[in-house]
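Written out below as structure tokens is the structure these notes cover.
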Amino acid sequence: MSASLPEPDEQERLYSGRLVEVIRHVIEANSGAIDFSRFMAAALYTPGLGYYTGGRQKFGPGGDFITAPELGDVFARLLARPCADILEVIGNGNLLEAGAGSGRLAATLLTELERLGRLPEHYYILDVSSELRARQAELLKRVVPSLAGRVEWLSELPKRFRGVVLANELLDALPVERFCIQNKEVRQQQVALKKNQLIWAERPADEVIRARIAPLSLPDGYCSEIGLAAEAWTRSIADVLEQGVALFIDYGFPRAEFYHPQRTTGTLMCHYRQRAHGDPLILAGLQDITAHVDFTAIAAAGTGTGLDLLGYTSQAAFLIGCGLEDIMADPAMPDATRLRLANEINRLTSPAEMGELFKVMVLGRGIENPLRGTGRQDRRGRL
């Protein structure tokens, strides 16, 4: 393990070892190697042992990474405004948050939507982790007890939905395929075992991978990812959305930037105790594994199944378009509060922080007017 990473304690080693044993059986049952996407799914989502399905703290300063809702309330307060607009347009709509993390975003959104007079009939949380569901329920009952009754947890998408589907930093956590170009051939990366250690393996790529890569003319030695699971998830949203929007917020690029000639090792990244590194084969179950989002692919998946591409812009432009200046407008605001909010806003909007790397994409059906926040820097033409 890299010397720059903290050493896991004995309990964590045992926990990780149990997951590796599960993965070992899967590898042995599949002729000694599995595609990277299958390994990533096991590392993140194996019931009771995966990173997102186990009991370790993941979010905030005491976890492995910090998401926008964990910085404070600004992000959710601004996000509530376009959500309220959509709920007003369609009438009697619902809000569905996919992958709700700690539950902080849900708590602040409900509070702000109540203030705006636009509470959804139901606030659905789609989450596969029973441990995270319990943490979310505890936080909601503690922070917004009068609104917690509107929250309902789902294990799968409803058959029909009207309202707002919200996915903040979800797509990056869905399993990806890894590939490399070797001697002008596309090789699909796999995971195998050697002396009980997870190692890289490879095979000739599937036709769907080769077809996607062929138009890109990537050079030998180039390695990257394809997010087929994120595309499939987007299509599943299109299948159930009768009227409303799907609002995706995540780090990523349009395809031309995603497969930039200088991005030769791809975008795969791991997070462990606030440290980022590039080795997904260590710390199984203890670290997050992510890949940036190819927003061109997400747009194509949505529009190809009947959704309209209503907006695509940076997080900074989106938040400014949602009325960011209002947050600091109170002249009676105490200096300490003003400083705290200024620091939070900087993290959310600075190009050196989350402002440029994070993008906002809006797909919808039956919505005519542009969504608040997406018109300031319309980047749909870059996709």
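Listing for the model above:
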| read-out | value |
| --- | --- |
| Net charge over other residues, Cβ less than 15 angstrom from the Cβ of residue 25 (K, R count +1; D, E count -1) | +1 |
| Alpha-carbon Debye profile of segment 67-141, log10 I(q)/I(0) at 0.17 Å⁻¹ | -0.61 |
| Residue (of 336, 149, 117) at the positive-pole extreme of the chain, dipole from beta-carbon charges | 149 |
| Net lengthening on full extension, residue 305/residue 256 (0.36 nm per residue, minus Cα-Cα) | 15.4 nm |
| q = 0.08 Å⁻¹, the chain: log10 I(q)/I(0) [Debye, one scatterer per Cα] | -0.42 |
| Most mobile of 257, 207, 12 in a GNM of the chain (Cα contacts under 10 Å) | 207 |
| Whichever lysines have a C-alpha closer than 23 Å to that of residue 141, once near sequence neighbours (fewer than 8 apart) are set aside | 58 |
| Relative exposure of 337, 303, 108, judged by other C-beta atoms within 10 Å (fewest first) | 337, 303, 108 |
| Integer Hz, Karplus 6.51/-1.76/1.60 couplings in order for segment 302-317, x for Gly and Pro | x, 5, x, 10, x, 8, 9, 7, 8, x, 7, 7, 7, 4, 4, 5 |
| Residue 252 long-range amide H proximity, modeled H, under 5 Å | 293, 359 |
| Karplus 3J(HN,Hα) series, Hz, for segment 273-278 with 6.51 cos²θ - 1.76 cosθ + 1.60 (x for Gly, Pro) | 6, 6, 10, 9, 7, x |
| Restricting segment 273-367 to GluC sites (Glu not before Pro) in coil, as DSSP defines it, with at most 16 other Cβ within 10 Å | 353, 356 |
| Per-residue HN-Hα couplings for segment 201-212 [Karplus 6.51, -1.76, 1.60; θ = phi - 60°; Hz; x = Gly/Pro] | 9, 7, 7, x, 6, 4, 4, 5, 5, 4, 5, 5 |
| The chain, helix-only ellipticity at 222 nm - DSSP H runs n ≥ 4, -39,500 (n - 2.57), divided by all residues, nearest 500 | -10500 deg cm²/dmol |
| Amide H within-cut-off set for residue 163, under 5 Å, with H built and near neighbours excluded | 94, 243, 244, 245 |
| Sorted by Cβ neighbour density within 10 Å, fewest at the top, the residues 271, 25, 292, 122 | 25, 122, 271, 292 |
| Two-site FRET efficiency, residue 378 against residue 24, from Cβ-Cβ distance with R₀ of 41 Å, rounded to 0.05 | 0.25 |
| Residues with amide H under 5 Å from that of residue 279, placed H, sequence gap 5 or more | 270 |
| Neighbour count of at most 10 Cβ within 10 Å plus DSSP loop: longest trypsin sites (Lys or Arg not before Pro)-free window in the chain | 196-383 |
| DSSP bridge pairs, segment 10-377: antiparallel proportion in percent, nearest 5 | 65 percent |
| Burial ordering of 164, 144, 208, fewest other beta-carbon atoms within 10 Å first | 208, 144, 164 |
| Pairwise centroid distance, computed over Cα atoms, of segment 1-45 with segment 341-383, Å | 36 Å |
| All aspartates and glutamates inside 12 Å of residue 184 as judged from Cα atoms, apart from same-chain residues fewer than 8 positions distant | 220 |
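No value in this document is a laboratory result; all are computed from the given coordinates. These numbers were taken from a predicted model, which means no experiment stands behind them. Cβ sites come from the backbone with ideal geometry, for glycine too, and all protein chains shown count toward neighbours.
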